[in-house]
Amino acid sequence: MRVGATMIELGPALAVAVVLFVVIGTAAAWLGRTGLEREVPWASIRAAVQLIALALVIGYVADRAWLVGVFVVVMATTASWAAAGRMARRGTPRGSMTGSAMTGSPRTWARGTRARVRDALWCALPVAVPPLVVVAGLLAAGVVRPNGLSVIPVVGIFLGNAMAIAGLAGRRAHDELEVRHGEVEAALSLGFTDYPARMMVCREAAATALSPSLDQTRTIGLVTIPGAFVGMILGGAEPWQAGVMQLFVSTGILACGAIALVVTTLLVAADRL
């Protein structure tokens, strides 16, 4: 059986290709001593299970508004928790001096710690709120149709990218604060308060988290042929319709991603994440 009659042949060869992709990714991670050789197969297995579950339930959920709402809440919660997990660190301030300006200095972060509920709740601000507000506005304006098969994919696209950008921005901001803690302490000694001192150090590093989305948007049609465009073409849409849809998706990703970046950086500088 062909998907779109042109692109993918479903059958044993496809299953072998998927397994080979996982093996190659795992082998590359192991040979490169990245420490991610267990993460690659685990992420792949999770993806397979989740996609099977999605295929089984989405048809049932799509026609029931309250279930669509529940599904969206689950998506938003999962995305917020995943972003919090990427930047989860705990520690005590370096050389803190009780009662002095140094109390708010950067933390010595313990890598590999687990995200807390508090972290996930704060992460919901940059990760979940912007996509949900944007999609609610699009629904009110009639741009997105009020059914599950429209709402769930659009929310998922915006949530997924906001999650990735927030997680990366937070991690880079923390790394920069850890490496350049001396600069923060110097600023504090000159009379800066904690928030602006931390922001001066982490803002530029965090901003690089938006670069992949910017690069992909700049090169659409020249380097990257995005999924929404290909999917609509294979589904029988006119090329110009697919192009308009992809422009909508790409600009929405940038909007939600930019908000996620800014809010995450503010939260890290304010020591909320």
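Bear in mind that the values in this text are calculations on the coordinates, not laboratory data. Since the model is a prediction, treat every value here as computed from it, not as a measurement. Backbone-built Cβ (ideal geometry, glycine too); neighbour counts: all protein chains shown.
See the values below:
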| read-out | value |
| --- | --- |
| Relative contact order (%) - the chain, alpha-carbon pairs under 8 angstrom, separation at least six | 20 |
| Per-pair calculated FRET efficiency, R0 = 25 Å: V133 and L247 via Cβ, rounded to 0.05 | 0.75 |
| Compactness of the stretch 132-189 - radius of gyration and Dmax, Cα, Å | 19.0, 56 |
| Sorted by Cβ neighbour density within 10 Å, fewest at the top, the residues D194, D175 | D175, D194 |
| Residue-span extension gain [R46 to T208] - 0.36 nm each, minus C-alpha spacing | 55.5 nm |
| Kirkwood-Stokes translational diffusion coefficient of the stretch 1-61, alpha-carbon pairs, 37 °C, 0.692 mPa s, µm²/s | 243 |
| Correct choice for Rg and Dmax of the Cα atoms in Å that was computed from the model, options (i) 19.8, 61; (ii) 23.1, 79; (iii) 21.5, 71 | (iii) |
| Pair V117, L67: separation of 7 Å Cα→Cβ label points (nm) | 2.9 |
| Length gained when the stretch A140-L222 is fully extended (0.36 nm per residue, less Cα-Cα span) | 26.1 nm |
| Residue exposure sequence - M163, M199 - by fewest surrounding Cβ within 10 Å | M199, M163 |
| Efficiency of FRET from Cβ geometry, L234 and Y60, R₀ 25 Å, rounded to 0.05 | 0.55 |
